[in-house]
Every structure is written in structure tokens, then in C-alpha cells.
1. Look at GLY83 and say whether it is at pLDDT below 85, crowded, with 19+ Cβ neighbours inside 10 Å and of a type outside the set (A, V, I, L, M).
2. For region 422-459, which positions are buried (at least 19 other Cβ atoms within 10 Å of the Cβ), touching a strand residue (DSSP E or B) at 6+ places or on another chain (Cβ under 8 Å) and assigned to a helix (DSSP H, G or I)?
3. Pull up region 148-157, narrow it to residues that are aliphatic (A, V, I, L, M) and assigned to a helix (DSSP H, G or I), then point me to the one that is surrounded by the fewest Cβ atoms within 10 Å (Cβ to Cβ).
4. Look through region 522-556, keep the residues that are among the hydroxyl-bearing types (Ser, Thr, Tyr) and under 25 Å from GLU503 (Cα atoms), and return whichever of them is surrounded by the most Cβ atoms within 10 Å (Cβ to Cβ).
5. Give, as residue ranges, the helices (runs of 4 or more DSSP H) completely inside region 271-367 that count at least 2 residues that are within 30 Å of the chain's Cα centre (by Cα).
6. Only one of these conditions is not met by THR556: (1) touching an Asp or Glu at 6+ places or on another chain (Cβ under 6 Å); (2) over 25 Å from THR414 (Cα atoms). Which number is it?
7. So, restricting to helices (runs of 4 or more DSSP H) that lie completely within region 36-147, which ones have at least 3 residues that are under 30 Å from TYR239 (Cα atoms)?
Amino acid sequence: MPSNQAPADLSQKFFSLLKQGGLTASYSPVISLAEQKIIAHEATICGTPENSFSHWFLLKHIAASEGVFADLESLALETAVAGFSIAATPGKLFFAISIESLFSPSFLSSVLLPALDKHSMPPENLVLKIGDVSGQKELVELEKVTQSLRLLGIQIALAGAGMAEGNMRMWSELRPEFIKLDRYFLEGIQAAPIKKDFIRAFRDVALRLNCHLIAEGVESVTDFQEIRALGLRLAQGDYFAPPSATPQKEVSQNLFLASTNPSYKLSQPRSNTVECLISEVPFVHPSATVEEVADLFHSNPEIQSFPVVNELHAPVGIVRRNSLMHLFLKRYGRELHGRKPVGSVMETNHIVFDVNMLVEEVSLQLTSHFKLLPEQDFIICEKGAYRGVGKIIELLAKITELQIRNARYANPLTQIPGNVPIGEYIENLLQKNKLFVVAYCDLDHFKPFNDVYGYEKGDLVIQALAKILLSLADPQKDFVGHIGGDDFIVVLRSENWHSRCLEMLEKFEAVAPAFYSENDRQRGGIVASDRNGEERFFPILSLSIGALVPHLHGCTSYNQIASMAADAKHSAKKQIGNSLFTKHLD
């Protein structure tokens with residue numbers, strides 16, 4: 001018997017499973033972070049422990065060795081569609097399909113459409129997830145197949161984004177509606193800034209190509225905080241819900257109340273959190289009658305919505321003036337609905353934000369929520385308890401105000417916050433007794449470089465340094481400021497701040513030679529005039545970092561911190577080459 005063939009008893013069980021239809025489906029929800037709800041499910045197929053086929057890869061292996069893989073995949077597709085339809089699940093169904101099946105001439109007419117028709121599932125509710133193809137010829141063929149599928153309304157998802165050259169080519173040429181970001185990019189993301197850079201790049205490309213990027217493998221609140229901070233809008237993983245035999249229809253709203261990074265937010269001015277937008281609107285209980293709520297609207301013409309809050313003080317819905325008035329304007333509307341509890345007519349797709357969320361983050365999520373109108377309200381909570389409502393129009397006004405302020409104080413070359421925001425940030429940390437390290441970054445031999453290569457080339461060096469600092473600072477814990485010229489301040493609250501500083505030095509050392517001519521690179525520097533007008537040799541640009549670890553009880557102001565950080569920087573500059581000097585205050 002060939003080594004790749006299944007044992008006889010296992011093969012017999014497998015054919016029995018095919019004959020009896022003994023496959024099961026589990027469904028993992030795909031979450032919209034903006035709408036805070038489930039918008040799709042992905043089906044995973046397996047057998048059962050009783051029939052020895054609890055893993056899909058084993059079923060695939062045996063089916064392939066027996067030459068019946070197409071039959072297995074047909075049964076898997078119908079199983080997934082049947083379970084999804086029986087549960088009357090809203091949204092879309094994602095199903096992983098092989099390239100072999102897609103290329104089969106009979107797949108569309110004999111397998112896919114009959115399965116959808118049998119279970120009354122509209123084609124536009126189906127998303128077929130595909131993997132990589134082996135070459136350009138297959139890609140051309142795949143484009144033809146997907147064109148036919150799209151004519152029916154079926155959409156395409158590409159799996160494992162970023163893991164293969166061919167995969168990226170497929171993304172470019174196939175233009176799938178959905179991209180599944182490989183879970184590799186979320187593993188250890190906090191300690192891997194380069195992964196965040198890749199995710200940002202994928203996010204930006206997805207936006208340009210008008211497709212939806214889905215983060216797979218969101219397993220913890222930390223993963224959730226990271227992807228939300230990176231501006232991703234769709235996610236999937238056990239943090240929201242593990243796969244289940246019955247598709248879920250709702251997901252706990254408490255999952256979305258996790259602060260993007262509580263320690264970072266505490267260091268921000270309170271006026272920059274959503275708390276500054278709170279309007280203390282009274283709430284109503286779900287048992288209040290529709291007529292009572294209508295009377296409240298009549299007595300309070302300035303209020304556009306009432307949150308519906310249960311006995312645990314948690315919001316369960318919202319009642320908007322326009323919707324309620326529309327209900328009453330219908331013929332016999334008041335008679336039919338007036339005595340009903342408002343809980344039976346309230347909107348349950350309300351959006352909730354935690355009081356500590358930054359307004360920029362709230363804005364990012366709301367801009368992708370196409371159903372909201374500028375005059376509508378959202379609910380603000382603190383640790384899950386109702387605090388008030390916020391108005392979208394006021395949020396937009398606050399964002400505009402912050403953007404103007406940030407532009408006013410940002411360095412014009414790098415657009416990084418300047419002295420005023422740096423000072424405010426450190427003062428805030430001192431007031432709240434938060435531990436931090438100040439890294440004062442300064443270039444060595446920058447003036448002679450400018451004299452020889454010109455200010456335009458010098459600006460490029462400064463911008464390159466800014467990118468390095470931003471890429472290695474944790475955007476949720478750390479703060480990068482540009483004092484001016486080639487001087488930067490990085491306020492680090494990351495536990496691994498020391499290794500981050502060393503990596504800053506390493507990265508700059510790697511890029512600095514690229515700004516020199518070939519001749520200057522070979523001799524390791526340039527000849528230029530020093531401050532006394534005498535010509536001498538200056539080595540290739542290097543970076544000095546003076547790291548100050550302040551003692552909170554001994555430091556009372558930003559000016560004091562800045563002065564001591566400058567001393568640490570001067571000590572670093574006394575060393576030769578790229579160097580880090582650390583100063584601990586007792």
C-alpha cells in the first residue's frame with residue numbers, strides 16, 4: 001500500500017462519513033469594531049471524535065489520498081451553509097474553498113449554486129476564502145472564475161495576507177473584497193514594532209483598494225487594544241467569541257469598553273478624552289412605556305435621544321426622537337404602541353465608548369460607521385456604567401480644535417509635537433506620579449554635515465531620525481517630541497525602554513552612511529570647518545542618547561526634568577560614535 005494512502009479501517013470510516021454526511025460546522029464571528037457587532041461568521045469544518053475525524057486536515061489528507069477531495073469539499077460547503085441558514089444568522093458567511101474546486105468546471109453549477117438554493121441562502125451573503133496560487137497562469141484563471149462569482153454577488157476573501165510574494169500579487173490583481181491578515185502579525189505585537197509597521201502598511205493599501213482588512217487571532221484584550229489603536233476595523237478571534245456550533249447573533253458590549261491603553265490615557269490631558277463631550281441626559285428604564293418616553297421628549301425639546309439603562313446601570317439601547325415620532329405618526333401609532341415597554345421599540349445597535357477613550361480614537365471608529373448622522377448621539381460609560389451621551393457634531397468640533405492646536409505646536413519639518421506638548425505631557429506624568437524615562441536624542445557632527453551637503457540633505461537626515469524614533473516608540477505608552485533642529489525628546493513608559501534606545505542607535509547607525517557620497521563612505525567621514533574655522537575630519541553622523549530616569553519625589557517640573565536630561569545628553573556626546581548614557585536620580 002502506498003505510504004500516502006490511508007489505513008484501510010480509517011478509509012472505511014471516512015467513506016461511511018461521506019455517505020452519511022457526518023460533518024459538523026463551527027462558526028467564528030467576524031466583528032466590526034466601529035459598529036461593535038457581529039457582521040459575519042467564518043465556518044470551520046470537521047468530523048466528530050466519535051468518527052475519528054475531529055480535524056479538517058486529517059479529512060483533507062484522506063480525501064486527497066482516495067481521490068475524492070471534491071466530494072468532501074462539496075459536503076463541507078453544504079454543511080456550513082445549512083448550519084448558517086438554519087440558525088437564521090444575519091450577515092455574511094465566510095467559507096474556505098480550495099483552488100482545485102474553484103477551477104472545477106462543474107463546481108459553480110453542480111455544487112455551489114445548488115447548496116445555496118437548497119438552503120435559501122442569497123449568493124451575496126457568501127464570501128469564499130481562498131489561499132495562494134502557484135503562478136501567473138493560475139492567477140489569470142482565478143480572475144476569470146472570480147468574475148463569474150462576483151456577477152452572482154459572491155465576494156472573495158484572501159487568506160494569509162503578507163505571508164508570500166504570490167499572495168501580495170493576488171491582492172494587487174484580484175482585488176478581493178476582504179483580506180485576512182495572517183495571525184503571525186498579532187503574535188507578540190507589543191514587543192515587535194516592525195509588525196505594527198507592516199499592519200499599518202496593509203491597512204493603508206486596503207483602504208486604497210477599497211477592501212476590508214480583517215485581523216485574525218485576536219486572543220486577548222491586549223490584542224484588541226493594539227489593533228484598535230492601529231485603526232483596524234474588522235477583527236476575529238477568541239477574545240470576542242470562540243468558534244461555536246451555533247452562530248452567535250450578539251457579542252458583549254463590555255468587550256469594546258477596554259481602554260486602548262489605560263496607562264497612556266492617564267498621561268493625557270483630561271480635555272482630550274471623550275469625558276469632555278458628556279451631556280448628562282436622563283436615562284429611561286426598559287419597562288417605561290413608549291407613551292411616557294414620548295412625553296419626556298415633548299417636555300425636553302433640546303434632547304434628541306434617551307439612553308435605555310437597566311437596573312445594573314448598564315445601557316441596553318437608545319430611543320431617538322425622530323424614530324419615536326415616526327412611530328407615533330403612523331396610523332393608530334399611539335394606540336398600538338403607546339402602552340408597550342420602550343424596551344420593545346428601542347434601537348439596540350447603539351454605540352458605547354468608555355469615558356477614558358481619546359477623542360481621536362472615538363473619531364476613528366465613528367468615521368467608519370456609515371449609519372450614523374452628524375446630529376446623532378452615542379453613549380458614554382465609565383467601567384460599563386452609564387455616564388451620559390455625546391454628540392457626533394460636538395466630537396467633530398473637538399477633533400478640529402485639537403488638529404488646529406497640534407498643527408500650531410508641531411515641528412513643521414517632522415510634524416511631531418514640539419516644546420509645548422512635550423512640557424504638558426511630562427507635567428501631566430509628574431502630577432499623576434507616573435514612572436517614565438526621558439531620552440534626549442541629538443546627532444553628532446550634524447553642523448559640518450549640513451555645511452558640506454546642504455540643508456536640504458540635512459532635513460532628510462532629521463526626517464529619517466524622526467521615523468526611527470516613531471517606529472521604535474510604543475504609540476500607546478511612549479511619546480516622541482521634536483524640540484527643534486536635530487534634537488528630539490522621547491518619553492518612554494515601556495518596560496523595555498533600554499532595549500528600545502539601543503535599537504534606535506542601531507537603526508540610525510545602519511542608515512546614516514546612505515546620506516554620504518561613495519567616496520565619503522569609504523573614508524568614513526568628511527573634511528569640514530569646525531566652529532573655530534579650522535578644517536578637520538568629521539566621522540559619519542552618529543546618534544547620542546542621554547536617558548534620564550527621574551526620581552518622582554525629587555522632580556517637580558518639566559523645566560527641571562529638561563535640564564537634567566540635557567546634562568545626560570551632554571555626557572552621551574562625550575562618548576565616541578552612537579552612544580547611550582543613562583543617568584539615574586536617587
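The values are calculated or read from the model by the stated rules, or taken from the named source; none is laboratory data. Keep in mind the model is a prediction, meaning the values are calculated, not measured. Every residue, glycine among them, receives a Cβ derived from its backbone with ideal geometry; neighbour counts consider all protein chains shown.
1. Numbers: at pLDDT below 85: no; crowded, with 19+ Cβ neighbours inside 10 Å: yes; of a type outside the set (A, V, I, L, M): yes.
Against the criterion (at pLDDT below 85, crowded, with 19+ Cβ neighbours inside 10 Å and of a type outside the set (A, V, I, L, M)), GLY83 does not qualify.
2. ILE422, TYR425, ILE426, LEU429, PRO448, PHE449
3. Taking region 148-157 and keeping what is aliphatic (A, V, I, L, M), we get 149, 151-152, 154, 156-157.
Pick out the ones that are also assigned to a helix (DSSP H, G or I) and you get 149, 151-152.
Working: LEU149: 18, LEU151: 9, LEU152: 14.
Selected residue: LEU151.
4. Here is the first cut: in region 522-556, the ones among the hydroxyl-bearing types (Ser, Thr, Tyr) are 529, 542, 544, 556.
Of the ones still in play, those that are also under 25 Å from GLU503 (Cα atoms) are 542, 544.
Working: SER542: 19, SER544: 23.
Step by step, filter region 522-556, then rank; the result is SER544.
5. Working: elements: 290-299, 321-329, 333-337, 359-367.
Hits in region 271-367: 359-367.
6. (1)
7. Working: elements: 56-66, 69-86, 99-103, 113-118.
Answer list for region 36-147: 56-66, 69-86.
Residue-wise test of (1) within 27 Å of the chain's Cα centre (by Cα); (2) within 21 Å of PHE581 (Cα to Cα); (3) not acidic (Asp, Glu).
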residue	(1), (2), (3)
TYR425	yes, no, yes
GLN431	no, no, yes
TYR453	no, no, yes
GLN463	yes, no, yes
ALA466	yes, yes, yes
